[in-house]
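Colleague: Here's a structure for you.
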Amino acid sequence: MSDPMGTTRPVSITLDKQARVLRIGWADNHQSAYDIDALREACPCASCRGGHEFMGEAHDPDLLELKPLKHYEVEHLEISGNYALHISWDDGHDAGFYTWDYLRRISPD
């Protein structure tokens, strides 16, 4: 996805552990609020997706329809390069890199 204006770049990222929400403010003033449990179950890594053939935009989950089976906690959150958010989860999983494009596409707002 080409983004010459940089609109799919975050200007703010806030993890509210009490409300169990990750909030992202985007360069185009859009605001996204991601349920932590749904975000974990929407992990974009090949292992969570069931293989490389299930990766890509055509297989993006709908966070509003996801019904997480358990609660997850974010252990660590960091920006990876200029393109993604890397999240380490309390279940030991940390292979998913949530790119800005991916996060914007799955935004429930």
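Colleague: From the list 94, 90, 62, 28, which one is touching an Asp or Glu at 6+ places or on another chain (Cβ under 7 Å) and of a type in the set (D, E, K, R)?
Modeller: 90
Colleague: What's the total number of residues in region 78-106 that are over 16 Å from residue 37 (Cβ atoms), part of a strand (DSSP E or B) and either in contact with a Lys or Arg (Cβ under 6 Å, 6 or more places away or on another chain) or of a type in the set (Phe, Trp, Tyr) (or both)?
Modeller: Result for region 78-106: 1.
Colleague: If you don't mind, another one. Within region 44-88, track down each residue that is in contact with a strand residue (DSSP E or B) (Cβ under 7 Å, 6 or more places away or on another chain), acidic (Asp, Glu) and within 23 Å of residue 26 (Cα to Cα).
Modeller: 78
Colleague: Same structure again: In contact (Cβ under 8 Å) with a residue 24 or more places away in the chain, surrounded by 12 or more Cβ atoms within 10 Å (Cβ to Cβ) and either within 16 Å of residue 9 (Cα to Cα) or touching a helix residue (DSSP H, G or I) at 6+ places or on another chain (Cβ under 8 Å) (or both): which single residue out of 101, 37 fits that description? Break it down into steps so the answer makes sense when it comes.
Modeller: On the way: 37 fails: either within 16 Å of residue 9 (Cα to Cα) or touching a helix residue (DSSP H, G or I) at 6+ places or on another chain (Cβ under 8 Å) (or both).
101 is the lone residue from the list that is in contact (Cβ under 8 Å) with a residue 24 or more places away in the chain, surrounded by 12 or more Cβ atoms within 10 Å (Cβ to Cβ) and either within 16 Å of residue 9 (Cα to Cα) or touching a helix residue (DSSP H, G or I) at 6+ places or on another chain (Cβ under 8 Å) (or both).
Colleague: When residue 12 is evaluated against the numbered criteria (1) more than 20 Å from residue 109 (Cα to Cα); (2) in a strand (DSSP E or B), which criterion, by number, is the only one it fails?
Modeller: If we test residue 12 against (1) more than 20 Å from residue 109 (Cα to Cα); (2) in a strand (DSSP E or B), just (1) comes out false.
Since every read-out is calculated from the coordinates, none of them should be taken as a lab result. Fair warning: this is a prediction, and the values are worked out from it, not measured in the lab. Positions of Cβ are generated from backbone atoms using ideal geometry, with glycine treated the same way; all protein chains shown enter the neighbour counts.
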